[in-house]
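Have a look at the structure below before the remarks.
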Amino acid sequence: MEYVAVLLPSLVVGLLFWFAMKSIFNADKSERKAEARAQAEAESRSEAPLNEQNPETDK
């Protein structure tokens, strides 16, 4: 029983650290996906006018 009393605080702190790091990494992964999605959307918007023909240049 003495071993449990000695090891339990370290295990609890270790589990708290693990959950905190897991949530940080998941948040970072979600942020990277959102950033990539936003950048791809911005690139597609900026390329759209280049693909269309400008009627003024056809004159």
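Before moving on, here are some points about what is shown:
- From the list 45, 37, the lone residue that is at pLDDT below 95 and part of a helix (DSSP H, G or I) is 45.
- Residues of segment 5-22 satisfying the condition of being within 28 Å of the chain's Cα centre (by Cα) and of a type in the set (A, V, I, L, M, F, W, C): 12, 13, 15, 16, 17, 18, 19, 20, 21
- In segment 19-48, the residues that are touching a residue at least 60 places away in the same chain (Cβ under 8 Å) never reach a residue that is surrounded by 10 or more Cβ atoms within 10 Å (Cβ to Cβ) with C-beta atoms less than 7 angstrom apart, at least six apart or across chains.
- Checked against (1) of a type in the set (D, E, K, R); (2) at pLDDT below 90; (3) more than 27 Å from the chain's Cα centre (by Cα), residue 2 meets all criteria but (2).
The values are calculated or read from the model by the stated rules, or taken from the named source; none is laboratory data. Just so it is clear, the structure is predicted and the values come from calculations on it, not from any experiment. Every residue, glycine as well, gets a Cβ built from its backbone with ideal geometry; the counts of neighbours run over all protein chains shown.
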